[in-house]
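What follows is one structure encoded as structure tokens, with my remarks underneath.
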Amino acid sequence: MKTWLDAWPVFRQLTGPDPLGRGRAARSKDTESVVARTATADRVVQSVCPYCSVGCAQRVYVKDERVVQIEGDPDSPVNRGRLCPKGSASKSLVTSPTRVTKVRYRRPYGTEWEDLDLDTAMEMIADRVLDARRRYWQDECDGKRVNRTMGIASLGGAALDNEENYLMKKLYSAMGAIQIENQARI
Amino acid sequence: MNSDCIVIEGSNMAECHPVAFQWVTEAKARGAKVVHVDPRFTRTSAIADLHVPLRAGSDIVFLGALVNHVLSNDLFFRDYVVAYTNASSIIREEFQDAEDLDGLFSGWDPDSKQYDQASWQYEVEDTPGGGVAEDDPAGAAEQERLSQHESVKDSDQAHASGSGGPPLHGRAKRDETLQHPRCVFQVLKRHFARYTPEMVAEVCGVEPEAFLKVAEWITANSGRERTTAFVYSVGWTQHTVGAQYIRTASILQALLGNMGRPGGGILALRGHASIQGSTDIPTLYNLLPGYLPMPHAVQHQSLDDYTADAAGTGGFWGNKRAYAVSLLKAWWGDAATPENDFCFDYVPKITGDHSSYRTVADMIEGKVAGYFLAGENPTVGHANGRMQRFGLANLEWLVVRDLQMIESASFWQTAPEIETGELVTDQIATEVFFMPAASHVEKDGTFTQTQRMLQWRFKAIEPPGDCRSDLWFYFHLGRILRERLKDSTDPRDRPLLDLTWDYPLHGETQDPSADAVLREINGVGPDGRALSGYLDLKDDGSTTSGCWIYSGVYADEVNQAARKRPGREQGQVASEWGWSWPYNRRVLYNRASADPDGKPWSERKKYVWWDAEAGRWASTGDAVDFEATKPPDYVPPPGAKAQAALSGRDPFVMQSDGKAWLFAPKGVVDGPLPTHYEPAESPVGNALYAVQANPTTEHIQAPYNREAPSSGDVFPYSVTTYRLTEHHTAGAMSRTLPYLSELQPEFFVEVSPELAAERGLENGGWATVVSPRAAIEARVLVTERIRPLRTRGGKVVHQIGAPYHWGEVGISTGDSANDLLPVVMDPNTHIQESKASTVDIRPGRRPRGPELTELLEEYRSRAGIASGRMPVGGRVAVEGT
Amino acid sequence: MTTVSSASPAFTGKDPQNRLFGPLPDVAAEAGYQEDHPARVGFFTDTSVCIGCKACEVACKEWNTLPMDDSYGTRDTLGLSGMSYDNTGQLGANTWRHVAFIEQVRTVDLPMPSVGPPPDAAASRRDGIVDAPDEAEPGDSVVTAQTSVLNAEALSEYDPQTSQSGDREIRWLMASDVCKHCTHAGCLDVCPTGALFRTEFGTVVVQGDICNGCGYCVPSCPYGVINQRKDDGRVFKCTMCYDRLTDGLQPACATACPTQSIQFGNLDELQARADARLETLKRQGVETARLYGRDEDDGVGGNGAFFLLLDEPEVYGLPPDPIVTTRDLPAMWRSAAAAAAMMVGVALSAVLGSRRR
């Protein structure tokens, strides 16, 4: 009976220390159960902002295998927990509803995107790499040994990890591709 | 934060690196002067003590005048300059300066448009063995000769020389009184003598008073007790003389004694999360990991050829063979043996310029079959977006890896050239694979930030759907290729088949272990244990290292980049957060923070010093960038090699002579000293020399890349492109997000009230900006923050600011500023000139469809430029370079 | 209509019976919280170090999952405002932090290159009058002149957001605005449903599960902060991240702010810090610096979120002398009660009178 009455703001207002009903007496059910989603996260993962090159550390809060919040890591001597507008938008970036999450394929002379299975796409790309590599292969150039293919070019790396750049350069070099560039050239 | 004065030039730090700017505001709060030198008054200028508006493309005059001011008023840090720079080195008698030849240096070959650098060399001591041993004098001489080969110089020689500059042979004659007429100091003095405050006023449009204030601040805040820092970004690099901009600042900072000292230096603020990493471990055509050059077919047919230049040189580049062999062992493992030159032959060879823009020109000619785009959107982010789109339309196949649908993937649907009819969707043959990528929280790995620090990110969640990391993509692509070829007997396939390509795979998606890759980059010794650093590397094949400068990142079998000891628990250097190359050093060349005898220059600027009692170098917390126990009085014995050939007073340990180079006797293809040239497209003539623009500039002459004549009246205004805080590069990571899009919702250009009045532009209204390449429309922001500048003869130069983030796809869309730009490039770096070109501006929106093409043709014909009409499909040949 | 004498206690704030005006030492206790409630918290926004990056706007929206700004339909949802770098316009139901940008210019005498206006114009600029660039076409609401009146006399070279730029002095003021969490909050006082309440931290928060969208609070805010969403009419504004506070975190905007322009903390500590900062700036010669919302004797009893400004409040779009709209409520109620009593008396006499008949 008491609990039931307590749930009634007017009762609280008339009987409690908030006669004007502008504070404690006015608290709603949602307010009483408010909790920050940082507090209910399953885990907090240490990361680094993906935008510019300052290298601001981030804390990534994960709940039910979804990112629920990203903010600056106060432990970092680089950013001391602070982030710029782009870094602050990191959660939107990784949870963006417009992110493309399925392979898209446009056939030669096609007018629309089509669906394509990931494994099939990988096999098709491998086919094309081997074909271009062979067709554009040069053993020599102007009498000098070059061991390379001029049919395959690549652009990108500045937004990727060191480990990824390393595998890219290693694989491209082994396949003989040399026209490998990234944003650092720009 | 330790600086007493900070000059931000060629960078808009508060807008593009806001979180780093907190350290500038803190320095300022403690009394440091902050100067912003920039064509536009930006959010950085607002917080600075002084904003110096200068004409885009005139920085060498401004900086050169500061050099002149320092030299002619005897304001340089003499003890530092004499001991630590090449000021006293004597240059050959044949050398002729740009002052002598009206804008050219000696050695100019008008046919090849290149320099023979022989006359720029030091005069060498006659006595051999003056310190540096020549193991293979003949081999080194041959390399020397080949290094002047045209295609070698084409292929980005400065970079190819590694992070330490090119090798030198023999010991230079010196005059420590700095009086010899041919010593670097005197050469420098003569070279910059005409770079006066009045010249700054005429060329840059800067009031002498403002110039002198900057001069006063930087000199008052340099020396034993104080330090000044320079901060730059692509506002310096994106010019046809970009490398020389940075050289000028280096000269100034070396003269002021601000290198290798706390609060000093020249900070490059880079624009992408790991653009530093992608240069260290280069997805670049002319480099192998750790700034080893990509072998050149003319120079490097064998490992001996490849390492001959380093065999006798001083400094840490003297160990090049150990670095190279360890890399080859990391890649080809047991297959790499001393007998087969450690598979050196497997590494493909370059034969000239294979840089991005050149490759796109090749695509347009139909010479390239397939193209991978990994997190880059060149149709928006690169100069001359039209050229990029014509390139993509002439491929056989294209693989795009990104988070969001980008313009470079959907060009066959959304390109502006579809509207003009220059491209027709169902006639474009390019097959496109869009392979969705994992985001930064969906994979483990390291980024290298702008101060060379590697920071590990832990994977937070699995990527959605088909999204995969690039580690996954390239590993599995390699795995499939190797499976396809496993029965091949073709020797061409050996490099793929012998590749070490075995990494632990995790989880349902079989993602390779980034940790294992990082350990391979670090390298292991003969005992199979992770190496502690590059000093452990051997040239006999007993060690491996995927990137020698990163060796040590996995020291003690611990991922040092993943160290996250809170900053507040550490001193200012915070060396236990992440890991910096090399050897976790935070301030490079920090031996220079102590005097030649190893004592700090001052108590206030104490950083590194020689502890005689302990017999080793000590520091306030940083790793010492010097051999730990080499005393200041060490003199190299005859026959010493590599680092042993440098004395205890040579702080610049990557240079072959251990000195900071005021004059570059080698390695910079457009001159040993920075010289003012106008941008390729400039509203004014060169006030200093008969030579208008950098004579070694790289051009691509084709209908899609027409250039405007300088000082013309059809394209009378200077345009400069830039970023905004609210967006990121080509927009895929910002124009697709609602909260960022609404902050800067539309493409706009910034103009002064004077230009607005001259051309009838209205704030908030539309304008069309026209260059010889493209016509684009933008909203107009009329602002007093853009200021017309008065230059020589009273000529008023109007500048237009154009942020380049926009394209056709996303929440916030608009025309792309980069479409305006010509592809004209710095010959050292092959970086395009984005920061200064010429345009016209007119009120109203641009025409649509074929009318747009006609408008451009009309403009070109009026300016006397050849037709830029493209055939449908865009397949044309390059006419010249 | 009843008039209230300006000598009435309500105006001085000294009326112990008037809980709607004047200084209030403990707003939370006033709202019924026990003595051990947390200290009153607030924002001190020091605009002199703001770099206009808008991290606060984004961090706020990310944490509170706010919709994109709709700009109240006054312009295209995604359109350039033409007002310097400000494209979100003002605080509202979907924008709880808003960064204002104000560009000010005056010319100074310098030798050599200058493309400044003729001497006459320069003189007039020094007088603080700057011609706006081309006037807007009639009917084009997008166009807004950017330059504003400059407090030229008081400007000093030490002014943190001023920089000499060639022959001009340019000041680009940037300031992040937010709900003031007033000591006497008009919105809270007029809310008929109890949707608005004061928290144990002394902040003022809307409870979405109670608000019925009546909109009474909207005109009651002297700053024009609180506003309704177009869909269901409920009101929204800054909560000072009430949920984060319960987890011991700072509000999202203060956490992100790169230059500590936005500082969060116990209000008394912030006030002390702000006083010290003001003193420093004054000592450096920044005569125009002033605190806004710091004074407990002002029309709202002082703000929980207060500011250091470098120019008049109007320049930033802030009211110069805000007064809580319910200031006169007690007096009005007294008058109303008297009126009601009179009406009752009239009615009674009428009834009684009729009975006499």
In the range B:41-67, anything surrounded by fewer than 24 Cβ atoms within 10 Å (Cβ to Cβ) and either outside the structural domain of B:GLU216 (by TED's automatic domain parsing) or not hydrophobic (A, V, I, L, M, F, W, C) (or both) is listed as B:ASP49
Inside the range A:19-47, the number of residues satisfying the requirement of being more than 7 Å from every other protein chain (Cβ to nearest Cβ) and either at pLDDT 95 or above or assigned to a helix (DSSP H, G or I) (or both) is 7
A:PRO9: in contact with a His (Cβ under 7 Å, 6 or more places away or on another chain) and either surrounded by 18 or more Cβ atoms within 10 Å (Cβ to Cβ) or basic (Lys, Arg) (or both), yes or no? no
Answer residue from the range A:82-135, given it is of a type in the set (Asp, Glu) and part of a loop (DSSP other than H, G, I, E, B) and is nearest to the chain's Cα centre (by Cα) among those: A:ASP117
Residue list for the range A:143-155, restricted to those being more than 7 Å from chain B (Cβ to nearest Cβ) and either out of contact with any Phe, Trp or Tyr (no Cβ under 6 Å at 6 or more places or on another chain) or more than 24 Å from B:GLN388 (Cβ to Cβ) (or both): A:GLY143
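A quick yes/no check of all residues on (1) over 25 Å from B:ARG848 (Cβ atoms); (2) away from every other protein chain (no Cβ under 11 Å); (3) surrounded by fewer than 24 Cβ atoms within 10 Å (Cβ to Cβ):
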| position | (1), (2), (3) |
| --- | --- |
| B:VAL691 | yes, yes, yes |
| B:ILE700 | yes, yes, yes |
| B:SER711 | yes, yes, yes |
| B:PHE715 | no, yes, no |
| B:GLU726 | yes, no, no |
| B:GLU754 | yes, no, yes |
| B:TRP766 | no, no, yes |
| B:ARG773 | no, yes, no |
Select from the range C:16-30 the residues that are surrounded by 15 or more Cβ atoms within 10 Å (Cβ to Cβ) and either at pLDDT below 90 or of a type in the set (Asp, Glu) (or both) and list them in ascending order. C:ASN18, C:ARG19, C:LEU20, C:PHE21, C:GLY22, C:LEU24, C:GLU30
Out of B:GLU777, B:GLU746, which single residue is in contact with a strand residue (DSSP E or B) (Cβ under 9 Å, 6 or more places away or on another chain) and facing another protein chain (nearest Cβ under 9 Å)? B:GLU746
Is it true that some residue in the range B:762-781 is among the aliphatic types (A, V, I, L, M), more than 26 Å from B:PRO703 (Cβ to Cβ) and part of a loop (DSSP other than H, G, I, E, B)? no
Pairs needed: first member in the range B:642-670, under 18 Å from B:ARG321 (Cα atoms) and touching a residue at least 12 places away in the same chain (Cβ under 8 Å); second member anywhere, outside any loop (DSSP other than H, G, I, E, B) and among the aromatic types (Phe, Trp, Tyr); C-beta distance under 8 Å; at least 6 residues apart or different chains. B:ALA642/B:PHE316; B:ALA642/B:TRP317; B:GLN643/B:PHE316; B:VAL653/B:PHE316; B:MET654/B:PHE316; B:MET654/B:TRP317; B:SER656/B:TRP317
Which residue, of B:SER656, B:SER602, is modelled with pLDDT of 95 or more and of a type in the set (Ser, Thr, Tyr)? B:SER602
Using the structure shown, decide if B:ILE281 is crowded, with 22+ Cβ neighbours inside 10 Å, in contact with a Cys (Cβ under 9 Å, 6 or more places away or on another chain), more than 23 Å from B:ALA594 (Cα to Cα) and modelled with pLDDT of 95 or more. yes
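Per-residue answers, yes or no, for (1) assigned to a loop (DSSP other than H, G, I, E, B); (2) under 30 Å from C:TYR85 (Cβ atoms); (3) modelled with pLDDT of 95 or more:
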| residue | (1), (2), (3) |
| --- | --- |
| C:GLU169 | no, yes, no |
| C:ALA175 | no, yes, yes |
| C:LYS180 | yes, yes, yes |
| C:PHE197 | no, no, yes |
| C:GLY202 | yes, no, yes |
| C:CYS211 | yes, no, yes |
Looking at the range B:390-407, which of its residues are within 9 Å of chain A (Cβ to nearest Cβ), touching a residue at least 40 places away in the same chain (Cβ under 8 Å) and either part of a loop (DSSP other than H, G, I, E, B) or on the phi > 0 side of the Ramachandran plot (or both)? B:LEU403, B:GLN404, B:MET405
Within the range B:424-443, how many residues are more than 8 Å from chain A (Cβ to nearest Cβ) and surrounded by fewer than 24 Cβ atoms within 10 Å (Cβ to Cβ)? 1
Please tell me if C:THR246 is under 30 Å from A:TYR61 (Cβ atoms) and surrounded by 23 or more Cβ atoms within 10 Å (Cβ to Cβ). no
Between residues in the range B:213-225 that are surrounded by 17 or more Cβ atoms within 10 Å (Cβ to Cβ) and residues that are among the β-branched types (Val, Ile, Thr), which pairs lie under 6 Å by C-beta distance while being six or more apart or on different chains? B:VAL214/B:VAL35; B:ILE218/B:THR228; B:ASN221/B:THR228; B:SER222/B:THR228
Would you say B:SER682 is of a type in the set (Gly, Ala, Ser) and within 25 Å of the chain's Cα centre (by Cα)? yes
For the range A:48-79, which positions are surrounded by fewer than 24 Cβ atoms within 10 Å (Cβ to Cβ), farther than 19 Å from B:LEU737 by Cα and at the interface with another protein chain (Cβ under 7 Å from one of its Cβ atoms)? A:VAL62, A:GLU65, A:ASP75, A:PRO77
With the structure loaded, tell me whether A:TYR166 is within 30 Å of B:LEU496 (Cβ to Cβ) and facing another protein chain (nearest Cβ under 7 Å) or whether it fails that test. yes
Those residues of the range C:95-115 which are facing another protein chain (nearest Cβ under 7 Å) and either at pLDDT 95 or above or not in a loop (DSSP other than H, G, I, E, B) (or both), in sequence order: C:GLU103, C:VAL105
On the basis of being among the charged types (D, E, K, R) and within 7 Å of another protein chain (Cβ to nearest Cβ), does B:GLU784 make the cut? yes
Considering residues that are touching a Leu at 6+ places or on another chain (Cβ under 8 Å) and of a type in the set (Gly, Ala, Ser), the number found within the range B:648-678 is 3
Consider B:ARG790 carefully, then state whether it is surrounded by fewer than 24 Cβ atoms within 10 Å (Cβ to Cβ) and within 11 Å of chain C (Cβ to nearest Cβ). yes
Report yes if some residue within the range A:104-115 is among the small types (Gly, Ala, Ser) and touching a residue at least 12 places away in the same chain (Cβ under 8 Å); otherwise report no. no
Has the range B:470-483 got at least one residue that is in contact (Cβ under 8 Å) with a residue 60 or more places away in the chain, of a type outside the set (A, V, I, L, M), within 13 Å of chain A (Cβ to nearest Cβ) and within 18 Å of A:ASP161 (Cα to Cα)? yes
Taking the condition of being assigned to a loop (DSSP other than H, G, I, E, B) and within 7 Å of chain A (Cβ to nearest Cβ), how many residues in the range B:450-461 meet it? 4
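The values are calculated or read from the model by the stated rules, or taken from the named source; none is laboratory data. Just so it is clear, the structure is predicted and the values come from calculations on it, not from any experiment. As a convention, Cβ positions derive from the backbone with ideal geometry for all residues, glycine included, and neighbour counts pool all protein chains shown.
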